[in-house]
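See structure below.
The values are calculated or read from the model by the stated rules, or taken from the named source; none is laboratory data. What you see is a predicted model; the values in this text were computed from it and never measured. Counting neighbours? That spans all protein chains shown, and the Cβs are built from the backbone with ideal geometry, glycine included.
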Amino acid sequence: MPQKQKYPHLLGSKWTAQQPTLGWRHFRVVNRKNEGKWVFAELVAACDESVRLWVNAQALKDRDLWAAGWQTLEEIHGESASRPHG
């Protein structure tokens, strides 16, 4: 029986860097690469497709570095919970 693929929903997923990364915060996964037991994701900045980087997919699970989806600065800094939406 074939082994289950790690990170099956990686391609096309969107991520927010908790700190500016290469000048940007919002990225999407456009490619993946399996290297032995490791899985890597190629991220492209949402606002500048020339900005690309490869990261170990395991790093995307680190909430101090990345958040799933695209978040606003208020969400990143935890301010949205204390302010009413209007």
- Task: Scan region 41-58 residue by residue and report those that are exposed (fewer than 14 other Cβ atoms within 10 Å of the Cβ) and either out of contact with any strand residue (DSSP E or B) (no Cβ under 7 Å at 6 or more places or on another chain) or closer than 12 Å to residue 26 by Cα (or both).
- Result: 47, 48, 49, 50, 58
- Query: Going through region 64-76 one residue at a time, which ones are free of Cβ contacts under 8 Å to residues at least 12 places away in the same chain and part of a loop (DSSP other than H, G, I, E, B)?
  - Reply: 72
- List the number of the failed condition for residue 79; all other conditions in (1) modelled with pLDDT of 95 or more; (2) assigned to a loop (DSSP other than H, G, I, E, B); (3) acidic (Asp, Glu) hold. (1)
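One line per residue, one yes/no per condition, for (1) without any contact (Cβ under 8 Å) to a residue 60 or more places away in the chain; (2) more than 14 Å from residue 68 (Cβ to Cβ); (3) part of a loop (DSSP other than H, G, I, E, B); (4) touching an Asp or Glu at 6+ places or on another chain (Cβ under 7 Å):
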position	(1), (2), (3), (4)
8	yes, yes, yes, no
15	yes, no, no, no
26	yes, no, no, no
30	yes, yes, no, yes
50	yes, yes, no, no
- Query: Quick one: would you say residue 29 is under 18 Å from residue 9 (Cα atoms), modelled with pLDDT of 95 or more, of a type outside the set (Asp, Glu) and in contact with a Ser or Thr (Cβ under 8 Å, 6 or more places away or on another chain)?
  - Reply: yes
